[in-house]
Amino acid sequence: MSRIAAVLAAVLAAPGLASAEVSTWSIDPSHSEAEFHVRHMMVSTVDGSLGTVTGTIRYDDRHPDKSSVEASIDVNGIDTRFAKRDQHLKSADFFDVAKYPTATFKSTSVKAAGKGKLLVKGDLTLHGVTRPVTLHVAGPTPAYKDPWGGTHRGFSATTKIDRADYGLTWNKALEGGGWLVGKDVAIDLTLEILPAAPATPAAAAK
């Protein structure tokens, strides 16, 4: 082996330089959920689902900082288990789903935050407004095989936003002080992921 070839082989074998560790996964919408929690009249909490979650995660177990995530939520599917409230939330007073049917998240950085934990920073676009958020993530779980041979992994994540930052400002003052709807909204994500199907040559050429 020539000296140049030997040096090249040593460089490629150095820790952190192999690219084969990054794997691509699809979010399974049938086993994933984005839930929200917001105070009602300062005395209780309303819980709901924001809608169907889809997206792609590229993850490197050895080097999480090489990972990334892009996800979208169909806000038309918002569900608080009370039809009248759901209709109000979908209206122009709140999410205005006729104009803004989709919320999206695109990561800008992924960092390890202890054993089994990650900090994922990114841009959340909601109600036509894009703001940075930080997800506190647990996972991924180990890979498990289903009875049909498919591989599954999972993540869970939490964050909190001020809905006014996204133009969701509708509210009513309460007699004696306080507000009908709280400003802070807690968001919990549960994601199950599957290996992404490889692109066909025709799709890759587009």
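Points to keep in mind about this one:
- The sole residue among S49, S67 that is over 28 Å from V181 (Cα atoms) and of a type outside the set (D, E, K, R) is S67.
- Every residue from segment 156-191 that is in contact (Cβ under 8 Å) with a residue 60 or more places away in the chain, part of a strand (DSSP E or B) and of a type outside the set (A, V, I, L, M): W179, G182, D184, D188, T190
- When segment 30-45 is filtered for residues that are under 10 Å from T190 (Cα atoms) and either among the β-branched types (V, I, T) or surrounded by 16 or more Cβ atoms within 10 Å (Cβ to Cβ) (or both), the ones remaining, listed by number, are S32, E33, A34.
- Hits in segment 124-155 (condition: more than 30 Å from S91 (Cβ to Cβ), of a type in the set (G, A, S), touching a residue at least 12 places away in the same chain (Cβ under 8 Å) and in a loop (DSSP other than H, G, I, E, B)): G139, G150
- Checking each residue in segment 90-108 for being surrounded by 13 or more Cβ atoms within 10 Å (Cβ to Cβ) and in a strand (DSSP E or B) picks out T102, A103, T104, F105, K106, S107.
- Pairs, first closer than 30 Å to N171 by Cβ in segment 21-42, second of a type in the set (S, T, N, Q) and not in a loop (DSSP other than H, G, I, E, B), C-beta under 6 Å, six or more apart: E33/S49; E33/T190; E35/S49; H37/T45; R39/T45
- Complete set of residues in segment 108-123 that are touching a Ser or Thr at 6+ places or on another chain (Cβ under 7 Å) and free of Cβ contacts under 8 Å to residues at least 40 places away in the same chain: L119, K121, D123
- Residue selected from segment 120-131 under the condition within 12 Å of the chain's Cα centre (by Cα) and buried (at least 16 other Cβ atoms within 10 Å of the Cβ), by the criterion farthest from I161 (Cα to Cα): V120
- V75 without any contact (Cβ under 8 Å) to a residue 60 or more places away in the chain, touching a Leu at 6+ places or on another chain (Cβ under 9 Å) and not polar (S, T, N, Q): yes
- The number of residues in segment 39-89 being in contact with a Gly (Cβ under 7 Å, 6 or more places away or on another chain), in a helix (DSSP H, G or I) and among the polar types (S, T, N, Q) comes to 1.
- Residue-level check: of (1) closer than 30 Å to A112 by Cβ; (2) at pLDDT 95 or above, V46 misses just (1).
The values are calculated or read from the model by the stated rules, or taken from the named source; none is laboratory data. Being a predicted model, the structure only gives us computed values, none of them experimental. As a convention, Cβ positions derive from the backbone with ideal geometry for all residues, glycine included, and neighbour counts pool all protein chains shown.
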